[in-house]
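Beneath this line is the structure, given in structure tokens, with notes to follow.
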């Protein structure tokens, strides 16, 4: 009836509020950050200097109405490296996590990574985890548009398949190494150091601490008593910090100290490996936590 009040469900009200919020967000000036990179010798040979990249990004940001918040630059860094492994790109990721910008501008996509798979992977990560759009100021692919997103989706699919293939090969290698009794990755336990052939070698000073932990546990000391003793004696952990019950419990439960290896791999299929290892034992086989 005319003039009658139409009630709406909570779901519809939430959808309406979301639409209003999105419209408001779309009309807000987008904040941009520019990423600059030049590899060693590239500036002199090819003219892709940081100053030139910066100038192009500033002009593009002005033409698009972006509010340019600043620049992050990596000087003398190869484009063949993963973006997250570069000295200053980690700063950009921290800013993304804080929600400090909406658009990442690069002079060319190869500034982000020379390998297209790396570039696509990072572009997807920024968009999916932080809602950040990647744009090149000299190339027509705009990941904010449906066409640009579709193109990147195709590349992303290729990148995902490549990542899965690499991961499968890596995991297969780790399982095989563990099956043969080798060190198949993970943190190096307290009491050991990596040797020169991909295995573990005993660290004499730390190994003595490990033996003392097992001895005290075998004689009936509690985890807290062992922790208090180690901290009172100012024995440092591998990272130089204090000891905690969980740290001691992990050592007492780790079969590597008894010359064994144990791994539980979870990728596509599950694989549990428990066998004699190549690394030297620090404590006797029969010593155990309790």
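Every number in this text was worked out from the coordinates using simple rules, so none of it is lab data. The shown structure was predicted, so the numbers you read here are calculated from the model rather than taken from an experiment. All Cβ positions, glycine included, derive from the backbone under ideal geometry; neighbour counts span all protein chains shown.
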Extension gain from residue 10 to residue 276, taking 0.36 nm per residue of separation minus the Cα-Cα distance: 89.6 nm
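Scale the Cα Rg of the stretch 52-96 by the rule-of-thumb value 2.2 N^0.38 Å and send over the ratio, two decimals. Before the final figure, lay out each step's value.
On the way: Rg = 12.3 Å, N = 45, 2.2 N^0.38 = 9.3 Å.
My calculation over the Cα atoms of the stretch 52-96 gives 1.31.
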Taking 141, 213, 132 and counting other C-beta atoms within 10 Å, the order from fewest to most: 141, 132, 213
Length released on extending from residue 167 to residue 150, taking residue separation times 0.36 nm less the Cα-Cα span: 3.6 nm
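Rank by packing, highest mean first: peptides 225-235, 65-75, with packing defined as the count of other Cβ atoms within 10 Å averaged across residues.
Details: 225-235: 14.7, 65-75: 16.3.
Most protected by this proxy first, the peptides run 65-75, 225-235.
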Residues in the stretch 180-224 that a label on residue 265 would reach, taking backbone N under 12 Å of a point 7 Å out along Cα→Cβ: 180-182, 184-185
Neighbour-count order for 102, 110, 253, fewest beta carbons within 10 angstrom listed first: 253, 110, 102
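Can you give the extra length, in nm with one decimal, that the chain gains between residue 125 and residue 195 once fully stretched, where that is 0.36 nm per residue apart less the Cα-Cα distance? Walk me through the intermediate numbers first.
On the way: separation 70, 0.36 × 70 = 25.20 nm, distance 3.52 nm.
Extra length from residue 125 to residue 195 when fully extended: 21.7 nm.
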Spin-label proximity, residue 50 to the stretch 74-117 - amide N less than 13 Å from point 7 Å beyond Cα toward beta carbon: 74-77, 87-89
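Once a ≥ b ≥ c are taken as the square roots of the eigenvalues of the Cα gyration tensor of the stretch 180-276, is the result rounded (a/c under 1.5), prolate (a/b larger than b/c) or oblate (a/b not larger than b/c)?
Numbers: a/c = 2.12, a/b = 1.68, b/c = 1.26.
Cα axes put the stretch 180-276 in the prolate bin.
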